[in-house]
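Visitor: Before anything else, here's the structure in question.
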Amino acid sequence: MVVVSRTSKSAKNRYLYHSGKLNRLPSSALGLFSAMLRLPLIRSIIPGVLCEPFVKRSDAAPESVDAFLRRRFGAPLAENLASAMMHGIYAGDSRTLCASSVLKSLVLLEKTHGSVLRGMLLRRLNPRYIPPCETGPTLHEKQAEVEERMDPVVLDCIKHASIYSFPNGLGEIVRVLEDRLTVMPNVEIWRNAPCQQITMQDGRFALQIPYMKNPLLANRLLSAIPSYNLAPLLPNLPHLDHNPPAKMAVVDVVLAPPNPTDKLEYKLPIDGFGFLVPRNATNNQDEVLGVVLDSDAVPNQDQGKRRFIKLTVMLGGPYWSKKSSDALPSEEDVEQRALRALNTQLGIPSQILASHVRLVNARVLCDTIPQYLVGHYTRMQALHDAMVNDPALANKLTLLGYSYAGVGINDCITNALDACDAIIAHATSDTQPDASASQTTGLAALIG
């Protein structure tokens, strides 16, 4: 495991591209004071933050991230910080993403304490403070359960980490899982065998798989494919195809390491994790969402004295949400956009890009991060209820993956552990076998 500490530059130095330049965001109280003196952007946000405790609590209909933060903290924070953050996490639009799903902890703080800042202050002043949780185990209890399963050495590393990765990237998690599962006698892994149809036969799932004459029969089905792919297979379940995936481009750029003997010696204009671009940014005709300085973000991943400089440019997202797949820019086009962004936004001189770029790998992706649109929580409640109340599906179907209760890898792992615990509890229960139906859908932790 490659761990980056919370005191590293990549943890402390994060930037926002605003007013045609990179603005380093504060990472401490002292940094906030300094930022107020030098950054008009931060000064514009402070009044709304100070007034937040006096904003009346709202019990209105589900809100977007933008509407919630605009109401509580004011327009400058919503339009700049929030829109950029949603670009970076979801490749999405803060005006369409659901606040109660994307910012659940903040929405609960308002609901419980009447103010986000008041709730955060209580947590800061009281070490025994328990974060609000609608029902079920508290966040502290859930965290403790997960920590009990972890290797103490790994747990200690993660607790002090800002970022973690692996020598060969996060894909190593999947490879290790596959290696572990392959040697188990009761496990089969079929590659390139997408399910074409799901029906029910004698109370069992019948899955039609390519190249199989007879359907695969299963007593229980756990689906981790995107919900929009599951929708045509289980058409009677509601809302599976409601949240669209983001369309975006990811461009990897590798530059040769600086050479002291080279006349064009250079270094990146900034140190840190990278920068995000809010939707109202000027000079963003290329529709850039943000840039990750991979060499700085995870500096221990590469070995050797002279390290190549690796960058990842993200483009599209909400700018492409209305476009069809055929209307998206070509890979050649997004390559040029990414290189322009590295010049105009990050500030790498054009002559350095011309002489030092060793690799540019562009991918235009149509099915990426699911967009939890406004009303996501309500739709998931309806989906959960439909599964529980359907005799053919109750305690037989579990929904996993990033389409429902969090897009991050940590969310997916935690939700999978919860679902597996519920399935085991149901399978080993001697009484009221149907009582746990509401716990095995995979959505129980989300809806509370």
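Visitor: So if each residue of separation counts as 0.36 nm, and I subtract the Cα-Cα distance between Asp156 and Ser44, what length gain in nm does that give? Provide the component values of the computation, followed by the final result.
Guide: Values: separation 112, 0.36 × 112 = 40.32 nm, distance 3.88 nm.
Stretched fully, the Asp156-Ser44 segment lengthens by 36.4 nm.
Visitor: Ok, one more. I'd like the antiparallel share, as a percent to the nearest 5, of DSSP beta bridges with both residues in the chain.
Guide: Details: 42 of 48 bridges.
Close to 90 percent.
Visitor: Within the set of other residues whose C-beta is less than 11 Å from the C-beta of Asn229, count the net charge using Lys and Arg as +1 and Asp and Glu as -1. If you can, show how the numbers build up before the last one.
Guide: Working: positive: none; negative: Asp241, Asp367.
So the surrounding residues net to -2.
Visitor: Along the positive direction of the dipole of the chain (beta-carbon charges: Lys, Arg +1; Asp, Glu -1; about the Cα centre), which of Gln336, Leu39, Ile163 reaches farthest?
Guide: Of the options given, the answer is Leu39.
Visitor: On to the next question. Between Thr378 and Glu188, what length comes free when the chain is fully extended (0.36 nm per residue of separation minus the Cα-Cα distance, one decimal in nm)? Working shown, then result.
Guide: Details: separation 190, 0.36 × 190 = 68.40 nm, distance 3.63 nm.
That pair, Thr378 and Glu188, stretches by 64.8 nm at full extension.
Visitor: Same structure, new question: Explain nothing, just the number: dipole magnitude of segment 136-189 about its Cα centre with +1 on each Lys and Arg Cβ and -1 on each Asp and Glu Cβ, in debye rounded to the nearest 20.
Guide: Numbers: 5 positive and 10 negative charges, 24 e Å.
Roughly 120 debye for segment 136-189.
Visitor: What is the sum of charges around Ile348, taking Lys and Arg as +1, Asp and Glu as -1, for the other residues whose C-beta is under 11 Å from the C-beta of Ile348?
Guide: Working: positive: Lys267, Arg340; negative: none.
After counting each charged neighbour, the total is +2.
Visitor: Could I ask something else about it? To the nearest 20 debye, what charge dipole does the chain have about its Cα centre, counting +1 at the Cβ of each Lys and Arg and -1 at the Cβ of each Asp and Glu?
Guide: Numbers: 45 positive and 42 negative charges, 333 e Å.
Result for the chain is approximately 1600 debye, rounded to the nearest 20.
Visitor: Leaving out same-chain residues fewer than 8 places away, which aspartates and glutamates sit with a Cα under 20 Å from that of Lys323?
Guide: The reachable aspartates and glutamates, counting only those whose Cα sits under 20 Å from Lys323, are Asp93, Asp241, Asp286, Glu287, Glu331, Glu332, Asp333, Glu335, Asp367.
Visitor: Taking 8 Å as the Cα distance limit and 6 or more residues as the minimum spacing, I'd like the relative contact order of the chain as a percentage.
Guide: Details: 712 pairs, mean separation 92.3, N = 448.
RCO, the chain: 21 percent.
Visitor: Hey, another quick one. Using a Förster distance of 45 angstrom, determine the FRET efficiency expected from the C-beta separation of Ile424 and Gln197, and round it to 0.05.
Guide: On the way: r = 29 Å, r/R0 = 0.65.
After rounding, the FRET efficiency stands at 0.95.
Visitor: Next question, about the same structure. Please report the relative contact order for segment 13-125, taking Cα pairs under 8 Å with a sequence separation of at least 6, and give it as a percent rounded to a whole number. Show your work: numbers first, answer last.
Guide: Working: 118 pairs, mean separation 24.5, N = 113.
22 percent.
Visitor: In segment 274-381, what chymotrypsin sites (Phe, Trp or Tyr not before Pro) fall in a loop by DSSP, with at most 16 other Cβ atoms inside 10 Å?
Guide: Working: sites: Phe275, Phe308, Tyr319, Trp320, Tyr372, Tyr377; in loops: Phe308, Tyr372.
Of the chymotrypsin sites (Phe, Trp or Tyr not before Pro), the ones in loops of segment 274-381 whose Cβ has at most 16 other Cβ atoms within 10 Å are Phe308.
Visitor: If Lys and Arg each add +1 and Asp and Glu each add -1, what is the summed charge of the other residues whose beta carbon sits under 12 Å from the beta carbon of Leu400?
Guide: Values: positive: none; negative: Asp411, Asp418.
Neighbour charge sum, excluding Leu400 itself: -2.
Visitor: Can you give the FRET efficiency to the nearest 0.05 for Leu417 and Arg124, using r as the Cβ-Cβ distance and R₀ = 25 Å? Intermediate results must be reported in sequence, preceding the final value.
Guide: Working: r = 29 Å, r/R0 = 1.16.
It comes out at approximately 0.30.
Visitor: Based only on other Cβ atoms within 10 Å, what is the fewest-to-most ordering of His87, His239? Let's see the in-between values first.
Guide: Working: His87 26, His239 17.
By the 10 Å Cβ count, ascending: His239, His87.
Visitor: Count neighbours as other Cβ atoms within 10 Å of each site's Cβ, and list the trypsin sites (Lys or Arg not before Pro) in segment 271-354 that are DSSP loop with at most 15 such neighbours. Could the numbers behind the result be given before it?
Guide: Details: sites: Arg279, Lys305, Arg306, Arg307, Lys310, Lys322, Lys323, Arg337, Arg340; in loops: Arg279, Lys305, Arg306, Arg307, Lys322, Lys323.
Sparse-neighbourhood loop trypsin sites (Lys or Arg not before Pro): Lys305, Arg306, Arg307, Lys322, Lys323.
Visitor: Let's test the formula: R0 of 60 Å, r as the Cβ-Cβ distance of Asp271 and Arg220. What FRET efficiency results, to the nearest 0.05? Intermediate values should be presented prior to the final figure.
Guide: Numbers: r = 50 Å, r/R0 = 0.83.
Between Asp271 and Arg220 the formula returns 0.75.
Visitor: With a ≥ b ≥ c taken as the square roots of the eigenvalues of the C-alpha gyration tensor of segment 215-266, please select rounded if a/c is under 1.5 and otherwise prolate if a/b is larger than b/c or oblate if it is not? Display every interim value, and only then the final one.
Guide: On the way: a/c = 7.17, a/b = 3.20, b/c = 2.24.
Cα axes put segment 215-266 in the prolate bin.
Visitor: If you don't mind, there's one more thing I want to ask. Taking 20 Å as the cut-off for C-alpha to C-alpha distance, list the pairs among Lys12/Lys159; Lys56/Lys104; Lys9/Lys159; Lys12/Lys111; Lys104/Lys322 that go past it.
Guide: Numbers: Lys12/Lys159 16 Å; Lys56/Lys104 18 Å; Lys9/Lys159 18 Å; Lys12/Lys111 31 Å; Lys104/Lys322 27 Å.
Too far apart for the 20 Å limit: Lys12/Lys111; Lys104/Lys322.
Visitor: Right, another one. Work out how far the C-alpha atoms of segment 1-128 reach from end to end along every principal axis, then list the three figures in whole Å, largest first.
Guide: Here the Cα extents, ordered largest to smallest, are 39, 38, 37 Å.
Visitor: Between segment 208-286 and segment 66-119, what is the separation of their alpha carbon centroids in Å?
Guide: 23 Å
Visitor: Let me ask something additional. Taking 7 Å along the Cα-to-C-beta vector as the label spot, tell me the Ile209-Arg363 distance in nanometres, rounded to one decimal.
Guide: Label-label distance for Ile209 and Arg363, simple model: 2.5 nm.
Visitor: If I model a spin label as a point 7 Å beyond the Cα along the Cα-Cβ vector, how far apart are those points for Asn280 and Ala61 in nm?
Guide: A separation of 2.5 nm, rounded to one decimal place.
Visitor: Sorted from largest down, what three extents in whole angstroms do the Cα atoms of segment 245-370 have along their principal axes?
Guide: That works out to 49, 28, 25 Å along the principal axes.
Visitor: Along Cα→Cβ, 7 Å out, is where each label goes; now give me the distance between the ones at Asn300 and Asn236 in nm to one decimal.
Guide: According to this spin-label approximation, the distance is 5.2 nm.
Visitor: Let me ask something else about it. List the residues whose amide H sits under 5 Å from the amide H of Ile163, counting only those 5 or more places along or on another chain, with H placed 1.01 Å from N in the peptide plane.
Guide: Result for Ile163 returns Val4.
Visitor: Output wanted: per-residue J couplings in Hz (rounded whole) for segment 243-249, from phi through Karplus 6.51 cos²θ - 1.76 cosθ + 1.60, θ = phi - 60°, x for Gly and Pro.
Guide: Calculated HN-Hα couplings, in order: 7, x, x, 6, 9, 7, 10 Hz.
Visitor: Moving on. Straight distance only, please: which lysines reach the Cα of Lys21 with their own Cα at less than 18 Å, same-chain residues fewer than 8 apart left out?
Guide: The reachable lysines, counting only those whose Cα sits under 18 Å from Lys21, are Lys267.
Visitor: Can you work out the Karplus-derived ³J(HN,Hα) for every residue in segment 353-368? Use 6.51 cos²θ - 1.76 cosθ + 1.60 with θ = phi - 60°, whole Hz, and x for glycine or proline.
Guide: 4, 5, 9, 10, 5, 10, 7, 10, 10, 10, 10, 9, 10, 8, 10, 10
Taken together, the values in this text are just the output of simple stated rules run on the coordinates, not laboratory data. Every value quoted in this text rests on a predicted model; they were computed, and no experiment measured them. Methodologically, a virtual Cβ is constructed for each residue, glycine included, from the backbone with ideal geometry; neighbour enumeration extends over all protein chains shown.
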